[in-house]
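As structure tokens, the structure follows; a few thoughts come after it.
The values are calculated or read from the model by the stated rules, or taken from the named source; none is laboratory data. These numbers were taken from a predicted model, which means no experiment stands behind them. For neighbour counting, all protein chains shown are included, and Cβ atoms are generated from backbone atoms with ideal geometry for every residue, glycine included.
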Amino acid sequence: MDKQELAVRFTDLMARFTSYFGKHMPDDVMKALTELRAQQNTELAKIVYDSMFENLAAAEKDNVPSCQDTGVIQYFVECGSRFPLIGELRECLTQATIRASKEAPLRHNAVEIFIEKNSGNNTGVRIPYIDWEIIPDSDECTIYGYMAGGGCSLPGAAKVLMPVEGYEGIVRFVFDVICERGINACPPLLVGIGIAGSCEVASMLSKRALMRPIGSSNSNPIGAEFEKIMADGLDRINIGPGGLGGVKTVMGVNVEQAARHPSCLAVGVSTGCWAHRRAGIRVHADMSYELFTHKGVTL
Amino acid sequence: MSKKILTTPIQDKDLEDIRIGDIIYLNGFLCTARDCAHTRLVKQGRKLPVDLKQRAIFHAGPIMVPCGNESGSGYKVVSIGPTTSMRMEKFEKEFIEQTGVKLIIGKGGMGPNTVEGCMKHKAIHCVFPGGCAVLAAHCVEEVEDVQWPDLGMPESLWVMRVKEFGPLIVSIDTHGGNLFEQNKKVFNKAKEPIVEEVVAKTEYID
């Protein structure tokens with residue numbers, strides 16, 4: 001297959017991928033929501049969870065996006081240095097976004113800064129947003145697609161603490177963000193926390209943390225324990241579905257970290273709503289693929 | 001228990017007995033109005049091209065697709081869930097005052113400005129379950145009109161006729177009640193001792 005043909009096939013695959021994941025929740029989210037739904041013990045929380053599940057079934061049946069806010073499309077790319085389309089990737093993903101916007105259809109969500117006009121096709125300066133990681137000596141490409149609506153993007157926050165504030169500062173910051181603004185972001189939430197030495201690294205890591213499956217653990221055993229302690233603490237506030245009160249608050253807490261400057265302790269928080277539309281696909285050099293977040297699905 | 005259904009035009013007396021936490025439904029006229037509609041009316045002083053008196057607005061930016069002559073607007077709705085109402089807090093009191101709107105539907109809570117507007121002008125704020133955009137679309141009978149299309153798909157004013165639109169959970173009533181503020185107090189009270197416990201377990205710096 002020549003490169004042009006590969007690019008056509010890859011763009012087509014990514015357009016179908018992008019259309020698909022706005023309509024179908026990943027397996028880990030369905031599992032978490034099913035468990036949370038069964039634990040509810042108030043009429044209001046049960047009604048809200050029932051609405052959520054009815055809505056997901058209706059979206060499947062109608063083959064339409066389950067939430068009208070299909071986000072500004074973001075792709076988190078782990079691209080092998082020998083993946084044949086490494087140089088064409090941005091153009092392919094841009095064309096895939098334009099196609100998915102029509103075919104899914106997706107809401108028009110890219111408003112150009114300063115011009116303040118909606119482009120009408122979900123592309124614009126640096127959008128779809130691509131986060132790159134190059135994997136040495138691999139010919140595969142793993143792509144996480146994410147549709148974060150405005151509602152769950154609004155609580156996003158980061159802060160650089162002085163190290164004497166310690167992890168206490170991080171804990172207080174996260175709890176304040178979730179209780180003040182997370183309640184409006186369609187809980188139960190997947191909470192992403194980034195810890196690093198500067199604001200932009202912590203922020204990006206907090207978003208990357210949302211790509212990790214619910215129930216997976218931080219690579220460091222202390223970090224893994226921190227995730228559990230935070231999730232347990234947030235759950236005991238019982239913010240419930242939609243911030244209306246109910247059993248538990250989160251689907252999970254995922255933390256990612258980078259070593260920090262001795263003088264700075266930065267924290268970033270990103271929240272994923274209950275309708276956490278995140279999908280992961282591994283594409284091989286011959287364009288065969290696995291959609292590993294949605295088992296058994298062929299695009 | 002029978003469904004409590006409000007029908008436009010909504011009278012002040014229809015709202016009197018409604019309290020925060022109640023669940024209601026809407027029949028009749030519903031128009032989307034979010035950030036830009038609020039800014040144009042309240043901040044820029046432009047006249048809204050849709051009459052909202054005794055009617056309902058929806059803080060929402062839908063996915064619409066063209067459908068030719070099937071509807072008055074030439075569009076049909078694919079997906080239309082609520083957006084974060086708090087973004088409209090800054091202008092909502094004036095919006096209620098100037099339009100005479102009676103029912104505001106959105107997601108999450110609103111603040112004291114809206115509470116004041118709702119008390120003074122007899123209006124309520126309700127939440128539709130967030131993310132449930134296909135359920136909401138199923139309650140829309142027809143997209144009758146679209147105004148201010150220059151704002152783009154999410155921000156245009158989409159005028160719809162709806163049937164049993166809900167469940168709508170009352171978040172602000174005409175008596176000064178605010179469900180989310182009440183909840184926030186409960187959450188914040190619960191938070192304090194929990195944070196102390198978490199802090200004690202996570203002192204990782206020697």
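Key figures
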{"quantity": "Qualifying residues in the stretch B:190-206 (those that are assigned to a helix (DSSP H, G or I) and not charged (D, E, K, R)) - the one farthest from A:Tyr167 (Cα to Cα)", "calculated": "B:Ala190"}
{"quantity": "Residue, surrounded by the fewest Cβ atoms within 10 Å (Cβ to Cβ), within the stretch B:68-102, restricted to residues that are of a type in the set (Val, Ile, Thr) and within 16 Å of B:Met153 (Cβ to Cβ)", "calculated": "B:Val78"}
{"quantity": "Residue count, the stretch B:65-102 (criterion: within 25 Å of B:Ala137 (Cα to Cα) and among the basic types (Lys, Arg))", "calculated": "3"}
{"quantity": "Test: residue in the stretch A:236-257 that is within 11 Å of another protein chain (Cβ to nearest Cβ), buried (at least 19 other Cβ atoms within 10 Å of the Cβ) and under 19 Å from A:Ala15 (Cα atoms)", "calculated": "no"}
{"quantity": "Where B:Phe165 falls short, out of the listed (1) over 15 Å from the mean Cα position of the chain (by Cα); (2) crowded, with 20+ Cβ neighbours inside 10 Å; (3) more than 7 Å from chain A (Cβ to nearest Cβ)", "calculated": "(1)"}
{"quantity": "Complete set of residues in the stretch A:19-30 that are in a helix (DSSP H, G or I) and buried (at least 18 other Cβ atoms within 10 Å of the Cβ)", "calculated": "A:Ser19, A:Tyr20, A:Phe21, A:Asp28, A:Val29"}
{"quantity": "Verdict on B:Arg19 being farther than 18 Å from B:Glu144 by Cβ and in contact (Cβ under 8 Å) with a residue 60 or more places away in the chain", "calculated": "yes"}
{"quantity": "Hits in the stretch A:51-74 (condition: more than 7 Å from chain B (Cβ to nearest Cβ) and free of Cβ contacts under 8 Å to residues at least 12 places away in the same chain)", "calculated": "A:Ala57, A:Lys61"}
{"quantity": "Only listed residue being in a loop (DSSP other than H, G, I, E, B) and either on the phi < 0 side of the Ramachandran plot or not assigned by TED's automatic domain parsing to the domain that holds A:Val283 (or both), chosen from A:Leu85, A:Leu6, A:Leu36", "calculated": "A:Leu85"}
{"quantity": "Any pair with Cβ under 9 angstrom, 6 or more apart, that starts in the stretch A:1-18 at a residue that is surrounded by 23 or more Cβ atoms within 10 Å (Cβ to Cβ) and ends at one that is of a type in the set (S, T, N, Q)", "calculated": "A:Met14/A:Gln95; A:Met14/A:Thr97; A:Ala15/A:Gln95; A:Ala15/A:Thr97; A:Thr18/A:Thr97; A:Thr18/A:Ser101"}
{"quantity": "Residue match in the stretch B:1-23 (condition: modelled with pLDDT under 95 and among the aliphatic types (A, V, I, L, M))", "calculated": "yes"}
{"quantity": "Residue check, B:Val42 more than 21 Å from A:Asn55 (Cβ to Cβ) and assigned to a loop (DSSP other than H, G, I, E, B)", "calculated": "no"}
{"quantity": "Residues within the stretch A:239-278 that are part of a loop (DSSP other than H, G, I, E, B) and touching a helix residue (DSSP H, G or I) at 6+ places or on another chain (Cβ under 6 Å), tallied", "calculated": "11"}
{"quantity": "Filter result for B:Gly152 (over 21 Å from B:Ala136 (Cα atoms), among the small types (Gly, Ala, Ser), out of contact with any Lys or Arg (no Cβ under 6 Å at 6 or more places or on another chain) and surrounded by fewer than 22 Cβ atoms within 10 Å (Cβ to Cβ))", "calculated": "no"}
{"quantity": "Answer residue from the stretch A:93-126, given it is of a type in the set (Ser, Thr, Tyr) and part of a loop (DSSP other than H, G, I, E, B) and is farthest from the chain's Cα centre (by Cα) among those", "calculated": "A:Ser119"}
{"quantity": "First in the stretch B:182-206 and farther than 19 Å from A:Thr249 by Cα, second anywhere and small (Gly, Ala, Ser), Cβ under 8 Å, 6 or more apart", "calculated": "B:Glu203/A:Gly166; B:Tyr204/A:Gly166; B:Ile205/A:Gly166"}
{"quantity": "Subset of the stretch B:70-98 [assigned to a helix (DSSP H, G or I) and within 15 Å of the chain's Cα centre (by Cα)]", "calculated": "B:Ser85, B:Met86, B:Arg87, B:Met88, B:Glu89, B:Lys90, B:Phe91, B:Glu92, B:Lys93, B:Phe95, B:Ile96"}
{"quantity": "Residue among B:Ile124, B:Ile104 that is away from chain A (no Cβ under 12 Å), under 15 Å from B:Asp35 (Cα atoms) and not hydroxyl-bearing (Ser, Thr, Tyr)", "calculated": "B:Ile104"}
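One line per residue, one yes/no per condition, for (1) hydrophobic (A, V, I, L, M, F, W, C); (2) buried (at least 19 other Cβ atoms within 10 Å of the Cβ); (3) more than 24 Å from A:Ile127 (Cβ to Cβ); (4) facing chain B (nearest Cβ under 9 Å):
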{"position": "A:Ala148", "(1), (2), (3), (4)": "yes, yes, no, no"}
{"position": "A:Gly151", "(1), (2), (3), (4)": "no, yes, no, yes"}
{"position": "A:Pro163", "(1), (2), (3), (4)": "no, no, yes, yes"}
{"position": "A:Gly182", "(1), (2), (3), (4)": "no, yes, yes, no"}
{"position": "A:Ala185", "(1), (2), (3), (4)": "yes, yes, no, yes"}
{"position": "A:Gly197", "(1), (2), (3), (4)": "no, no, yes, no"}
{"position": "A:Val201", "(1), (2), (3), (4)": "yes, yes, no, no"}
{"position": "A:Lys207", "(1), (2), (3), (4)": "no, yes, no, no"}
{"position": "A:Ile222", "(1), (2), (3), (4)": "yes, no, yes, yes"}
